[in-house]
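Written below as structure tokens is the structure these notes are about.
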Amino acid sequence: MVSNEVYLLPLKDDGSPDVSGGYIYLTPKGTEPIIVRFAIEGTSSICREGSLWVNIPEKGAEFQRDQFREFKLEPDFNRTIEISIPIHSAGAFAFYTTYKALPDLDNTNTATIETTKSPVKDLANHGLPTTLDSVDDLVKVMAGVKTEVIAKLRLWEYYVIEIERDADAVVEAWAANKISFPEGGFGGSGFGGLEAIKNASVADQATFLREKGMLNTDRLGERYRRMVNPKVGAALLTALFGRFEGDKSNSADRAEARSRLVNILDEVNLPYYKEYDVDVAEILDQLFNRTKYVRLDDNGPKLGPIDEKNPLIETYFTRLPKNSTTSKHNQEDLALVNNGWIWAANALVDNAGPKSRAYLRREAWSTGEVSRLVHRHGGRPIGSFEVDEVSGADQKTPNGKTNGSTSGREIIRTIRYTPVHALFMDCTHDNEVPAQKRDARDTLPNAALVAMCSSAIGSVMGYDEIYPKLVEIVHETRLYTSASSEKEVKIGAGEGGIGGIKKLLNQIHSIMGKDGYAETYIHHEDQYITVHRVHPESRKGYFLIAHTAFPGYGNGNGGFKPVHLGGTKASHLGSWMLEVDTSDEAKKEALGDKKYLRGLPSKVSNLPGVRMEYKDGETTISVRDKFPPGSIALFETWIPAAEHATGLDNFVTSGAKAAFSELDLIDLNFVLYRCEPEERDSSEGKDGVYDIPGHGKLVYAGLQGWWSVLKNIIKDNNLGHPMCNHLREGQWALDYIIGRLERISSKSGYERVQKPAMWLKERFDAIRKMPSFLLPRYFGLVIRTAYRAAWERSLSLMNKNVREGQWFLQDLAMIIRRLCQMGLDLLKEKVPRRFLPYDDTYFDSDDARAYSKTSILEDIIQESLQRHASGMSFREANAGPNLDMQMSSEGFNIDIKVDWSTGLIFGGNQNNCGTWMDKMGESERAKSKGVPGTPRDGAAIEITGLLYSTLRWVAELHEKGKYKYAGVSTSDPSMQVITFSDWANKIKENFERCYYVPLDSKDDAKYDVNTSIVNRRGIYKDLYKSGKEYEDYQLRANFPIAMTVAPELFDDTHALNALFLADKVLRGPTGMATLDPADLNYRPYYINSEDSDDFATSKGRNYHQGPEWLWPTGFFLRALLKFDLKRRKTPAAKTEAFQQITRRLAGCKEAIVSSDWAGLTELTNKDGSYCADSVYCIL
């Protein structure tokens, strides 16, 4: 029999546990074997020739730590792979994954790291002493280390740039006109713009490069890792010498520019050499001090001769030998860092991580040949979990499914990290005892408070005996004494310390730890601290009142206010007070004993000073007058209502599926969502989203708004969250949720909401009777159950791909509306016309002609195509400030025409925003009012792609007899009529010539390219023949839209290279940059409220000049997949293409899970950073 408990462990794309923290401890509810179920997305990178390895033994097999079983991972793009493994015995188990790493799309290789050996043992050959008898001997050795080791290692190469390499790269970029001006241009480095940098000193020019033109400065790595960005360096040369016009021109030649650059690069290196000098000085200092301690100091180990056993300095690494096992690994993987510690280091900082130099500078003290396993992304992840006291029998089958039966339905528990508990001591050998630090009477309440903590606890000899002073264990020669050592310790009051009460406290601590009393409530009020630890299911608990003792407290009861335990009964286990003789005479006598360590005279007495009263389902506890500092009271508690908690749990989590089964998507939109404006609109302004004191307004009025907050409360077990406090204070949230659904269910069209409203009312009525401190738990149960029911009902209304798809697809489906189900029949649907067909006459909406005519959708599509083919020229109705208060008068003039030599549609003007990039300049201060940020007039590439797609579609429908029109008439006298097929062919024949910018300038003649304007090659123009020619050549994220809807227009090789470039240059964590970072107009931070003198950014004019927009990401990924699949022939290669797309969805996956909106943000600033002016959109 296998337990019905299933512990779900999801793995990330790199195989590491998708659990915050690094330690997992499972505590099964019963004694049967449990199941650990690994969940791996079928699209994950680790499914690429991957395997999951676990050392959990099969039933009856002996556990061997290094014996792992293999489970093959096969890619599956429609589901999550689940591997279920029973655990039959207690133990500490591990797993890892192996897989073939997913290559970069451009197949860039990285250099391997060469290992070096330091000749630290070869002292005699250099005439250096091998036995250190004095500091002079050590000084000689250190001089040898400096010249024979440090110098020959050439460590400076890890700090500085390689001047020859970087000079060549910069000059080549300058000559090829590959220039990138950094954000902010030449300003911000202590000087101004172009002229200032031109006339600046060599040192200042070097400063500019160090601050704005360096790559790989995040950490030390391979030799010469740091390097100058060639394009930024080329920008500096352009500022100094102008653009390179060719070797035979009058511009500066390469040699002259290179000579000047080398001088600047020498200056760039200067602080890097100083950085190296500082680290080397620290290395030598650490080596000297450590060697002096272990060889010469009187308090050191005095290791003796320097030999193989005891080298000059401890090794930092264990180097595994080459054998049949290790030969499977890379050479660098065989050097394992040893454990160590750093004096006064921050324990929360990874001192072995890539950004730490602790090991390089010899700041870490190695503790020997004990290697630690450090998980790194993309390597062989190490996970572990511990299970205590599990027994039973079941058999594991090779495919991971269990062949035993479970008792009832599975209880799925998602594995959460377990904080590694500190060893919490009431006192350690380094601490002053309470008699020194505070008041000797505090020994008892301090020990009691520690015992109530949910962690491992400890103490030190002498604490319970109330020693008057810290024992100096290094120099102490007296013997310990304790009443507890001479006879059995009996629970209760007595003399000679607190041992009798400490035993009871320790027993209760053990009970609470083993049985899982996981909820802890702590309250501090003046001299008192109360602690209540409760079991989360049985609701049994222990309650402590501790009256602390600090100097000056006196002997009164401290004015303790009565405690009210709602819905709770209590049993008084006892009250005690500690009295200690702390007179000078008593201290002198205890400290004066030359043979034994003794405690101060003390006595623990029983106290009758506690009152308990149970009335109206509530226990009130108060203390009498005699409850002095140093006193504690201990109670056992339980909740009568919780005796039937199992039945209540079953009730509140049942029946939801049936209650939500009749809702349609419109109903579910109301039940789950509705932001503030939507809720105000549907309630006629009466209601908005719920506002939680101390937290703020929920993002949605519906269940998603509550669940977005609750899921993190449940995940972190955060009972102190403002929502929990609010629920304990009253039941307003319950009233809001029910009232909202009841009101909407009374409206026509929403009658189906009555059942969910009734279901929630019945569950909330049941939990209203529970004590207030239990309300957060049961409220969470009800909301989670209702939310899942609504979610599952929504999925059931969608197609099979969504219903049976992966979670990310389902999450996306939940934020879009259902597509029209009518298909081509929609073409025959009648639509009322606001204006008359083929008539430009304007009239108001209340005119009799408005909506007097109808047209079927087929005719409307034809009219649209015909009007574009004929061309349009008009001024927008009601042109002026009432229509658009920002636009200039010229912007209202609209001209649209077709160039029948290419088939491309041209439109817009430089004073209007003709596409989705529609930000108009608004700042009078910056003089940008009426000047569009992105006019995009001419033939925008995505419009060309959409036009071609439309033409191809209607042409195909016409051929099948499902669209009655064959083409359109034109404005070209030589071609009065053109079929849709011919129009599409014209676009296809001219597209590459008009839009493609070749990689090699030698090919420019084959395309319509102005070589002198090209800023980046291998791209598709954003526009064709716009009002400002340079705007044509800007790299933006619009070309993948055309690729997605009209892939036939593109040359496969050109398309793939352009997509690779966009992948590197434009793609952010979630969105696509709206402009090439190398463009001079690139401004990636959108702040709409800014009103400055900056023409480019004031009033958010840079809305589409660099910020990263989400919606183009989908088109980019679809285009990348489409063209990547074209070049791949084998099933494995095609699988890799899908995995490449999955990897690029990681940011969106993270965002949709972590967002309270359960959606994806409209846009972000640079590198996915937060944009306050963005919206979370329900797409």
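Read-outs throughout are calculated quantities, based only on the coordinates presented, and are distinct from any laboratory measurement. As the structure is a computational prediction, the values presented were derived from the model and not from experiment. Virtual Cβ from ideal backbone geometry, glycine too; neighbours counted across all protein chains shown.
For this structure, a couple of remarks:
- Placing a pseudo-label 7 Å from each Cα along the Cα-to-Cβ vector at Ala61 and Gln436 gives an inter-label distance of 5.5 nm.
- Measuring nothing but how far apart in sequence close Cα pairs (under 8 Å, 6+ apart) lie, relative to its length, region 645-811 scores a relative contact order of 30 percent.
- Greater than 29 Å apart at Cα, pairs in Lys715/Lys769; Lys198/Lys274; Lys469/Lys502; Lys853/Lys988: Lys853/Lys988
- For the chain, the longest principal axis of the alpha carbon atoms and the long axis of helix 230-241 meet at an angle near 60°.
- Charge-dipole axis of region 645-811 as Lys and Arg at +1 and Asp and Glu at -1 on Cβ define it, positive-most pick from Gly739, Asn669, Asn650: Asn650
- Qualifying trypsin sites (Lys or Arg not before Pro) for region 580-650 [loop in DSSP, other Cβ within 10 Å: at most 11]: Lys594, Lys595
- Using the Cβ-Cβ distance between Trp953 and Ile896 with R0 set to 25 Å, the FRET efficiency from 1/(1 + (r/R0)^6) comes to roughly 0.75.
- Straightening the chain between Ser583 and Val1065 buys 165.8 nm, computed as 0.36 nm per residue apart minus the Cα-Cα spacing.
- For Thr217, Thr902, the sequence from fewest to most other C-beta atoms within 10 Å is Thr217, Thr902.
- The calculated 222 nm mean residue ellipticity attributable to helices in the chain amounts to -9500 deg cm²/dmol, summing -39500 (n - 2.57) over DSSP H runs of n ≥ 4 and dividing by all residues.
- Each of Ser455, Pro1107, Leu194 was scored by the projection of its Cα onto the charge dipole of the chain, and the greatest displacement toward the positive side belongs to Ser455; charges sit on the C-beta of Lys, Arg, Asp and Glu.
- Take every Cα pair under 8 Å whose residues are at least 6 apart in sequence, average their separation, divide by the length of region 118-307, and the relative contact order is 30 percent.
- When you restrict to C-alpha pairs under 8 Å that are six or more residues apart and normalise by the size of the chain, the relative contact order lands at 8 percent.
- Sorting 752-759, 879-886 by average packing, meaning the other beta carbons within 10 Å per residue, from highest down gives 752-759, 879-886.
- Rounded FRET efficiency, nearest 0.05, which uses the C-beta distance separating Glu676 from Glu1029 and R0 of 35 Å: 0.15
- Projected label points at Ser459 and Thr653, each 7 Å from Cα along the beta carbon direction, are separated by 4.0 nanometres.
- Between helix 254-295 and the chain: long-axis angle, C-alpha atoms, 0 to 90°, nearest 10: 10 degrees
- Inter-label distance for Asp218 and Phe874, nm, one decimal - labels placed 7 Å from Cα along Cα-to-Cβ: 5.3 nm
- Cβ-derived FRET efficiency at R0 56 Å, Glu211 paired with Ala1133, nearest 0.05: 0.80
- Judged by the mean number of other Cβ atoms found within 10 Å, the most tightly packed of the peptides 292-305, 984-997, 553-566 leads the ranking 984-997, 553-566, 292-305.
- Taking each residue as 0.36 nm, the span from Asn506 to Ser852 lengthens on full extension beyond its C-alpha to C-alpha distance by 115.8 nm.
- Region 904-936 and region 745-792: distance between their alpha carbon centers, rounded to Å: 50 Å
- Per-residue extension of 0.36 nm, minus the Cα-Cα distance of Leu836 and Asp1093, leaves a gain of 87.8 nm for this segment.
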